[in-house]
Each structure stands twice: as C-alpha cells, then as structure tokens.
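Every number here is computed from the coordinates shown, using simple stated rules; none is lab data. Just so it is clear, the structure is predicted and the values come from calculations on it, not from any experiment. No Cβ is skipped: glycine too gets one built from the backbone with ideal geometry, and neighbour counts run over all protein chains shown.
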Ligand SMILES: [Zn+2]
C-alpha cells in the first residue's frame, strides 16, 4: 500500500527496463505513483504512461531547468494536457539558482503562471526548489495557492521554514537519496514536518540511495540510476527519523497522499 508522490518514469534512461519495472511495482505494493513531466517534449510520454496504466497519475509542468527551451505555445499546450486529464497534477514546476546561469526572472514568471493555473483548475502542484528558498517563500506568500495544497518534493530547505510552508498548505516528500550520510542533516529536518504532511517519493530515475540501502541497483550507460522499487527506502528512512512503526507510517502516508492528490479529482480504478 505504498504511494510514490514524485517520479519521472517517462525518463528515457528507463526505456529498456520500464516495461518490466512497471509490471513489478504493483506486486511490490506500490498502489499509485505521480509521474511528473518536465518540459513540452515529455508531456506526451507522461500522458501515454497514464493512459496505459490506471495506477499512474500524470502531472504536467515546466521544470525550471527547461524554462529556456519553452516555445511560444507552451502555456496553451500545458492547459490542453491538464484539461484532457482531470486527475492530473501541475508539476514539476519550481525555482532553481543551483544550475549554471539560471534565468531566475523567466523561472519566476513561469512558476507564478503555473501555480496560478493549478489554483484556477483546483489541482495540486509539485514544486522543486534549490537555493531559492527565500524567493519561493516570497512568491508563495503573494499568490493564490491551490486549496488542496502543494508538494515541496525532496525538501531540502531549512527546518525553520517548515511551519511557514505548512501554514500555506505544503506537503513534504523524502527521496531515497536522503539515506546518504552527507544528507543526514536534511533527513533530520523531516522530524519537524507534521505527520499529516509527510509523503514518500523516489524521483526515479534520479536520487538513488547509497549502495548499502540499494536492493535494486540499476544502471544506464554505466551510470547509476534510481530503480522505482527504492520507494521502500524512503518509507524506511521516514519510519526511522520519526521513530514510528512502518505500518503506521504507511497508513499515514496513504491518507496524506489521497488528501493532496485525489481530493475531488476523478479517479479511475
Ligand atoms: Zn523530479
């Protein structure tokens, strides 16, 4: 009964393994997963996965890394996909000053427009943020926000900002990557997240766990990638940092997931 709140199963690095992986995940207890598009050129891939697999929830958005590649028709196309999939979320959207030469003004404009679209259509939004926490906070405080809330995926901000984000409707998801020793401090911030705002994710094929926790090692062209079955690592890490039994955590995350992503959405089962 596991939920993967954020991933990119459409990523071409998974092409040769995707069919087998998608067959295996429900058997491993994955009940639902949110597949996030990142740019105009992968939205159709996300749509196809969602059409073929009822347990996959599509999400469409322009990621800050791909803002420079957008065409003049991106907004119309995004709206078209969201209207075609009433159960779709908006994402992955966000703000990122970590990448080389970030066009933060264009990023901010795209982020604002997409968040307002999520609010208008009553969809949850999934937000990526790297080295832009102050800017994100300022934007969120000055925009109409989705009533059902939004997800700060792979939350890497300070613990002190969590209560403010919670007040605005944030949920926080943890990826298997937080199992690396160098991420111990970030893992510890999840102790400050209210239980009813916790979620688990893989961000697959990115954010793989350290070798000692990785029961599903996977590679693409000689480089490690994250196997979606590593979702269980995220659950284990959260159970550990919260000091609660895994079964209780599974129940809690299921409730949180359905509150954020299913709410009034049409869900085909
Ligand atoms: Zn992502």
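Tabulated values for the structure
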{"item": "Rg(Cα) / (2.2 N^0.38 Å) computed for the range 210-249, rounded to two decimals", "result": "1.38"}
{"item": "Label point at residue 28 placed 7 Å out along Cα→Cβ; residues across the range 203-217 whose backbone nitrogen lies under 14 Å", "result": "203-210, 213-217"}
{"item": "Using a Förster distance of 25 Å, the FRET efficiency for residue 15-residue 69 (Cβ separation, nearest 0.05)", "result": "0.75"}
{"item": "Among 114, 167, 232, residue whose mean-square fluctuation peaks in a GNM of the chain (springs only between Cα atoms under 10 Å)", "result": "167"}
{"item": "Calculated [θ] (222 nm, deg cm²/dmol) that DSSP helices of n ≥ 4 give over the chain, each run adding -39,500 (n - 2.57)", "result": "-11000 deg cm²/dmol"}
{"item": "Label-point separation in nm, residue 143 to residue 251, each point 7 Å along Cα→Cβ", "result": "3.6 nm"}
{"item": "At q = 0.13, 0.16, 0.18 Å⁻¹, base-10 log of I(q)/I(0) for the range 129-254 (Debye sum, equal scatterers on each alpha carbon)", "result": "-0.54, -0.79, -0.97"}
{"item": "Theoretical gain in end-to-end length, residue 188 to residue 1 [0.36 nm per residue, Cα-Cα removed]", "result": "64.8 nm"}
{"item": "Within the chain, percent of DSSP bridges classed antiparallel, to nearest 5", "result": "10 percent"}
{"item": "Potential lengthening between residue 167 and residue 100 on full extension [0.36 nm per residue; Cα-Cα distance subtracted]", "result": "20.9 nm"}
{"item": "Estimated Rh, the range 1-139: Kirkwood, alpha-carbon pairs, angstrom", "result": "15.5 Å"}
{"item": "As computed over the range 2-262, the Cα convex hull volume per residue (Å³)", "result": "122 Å³"}
{"item": "FRET efficiency, residue 240 to residue 54 (Cβ-Cβ, R0 45 Å, nearest 0.05)", "result": "0.90"}
{"item": "Choice from 155, 66, 81 with maximal GNM fluctuation in the chain (Cα, 10 Å cutoff)", "result": "66"}
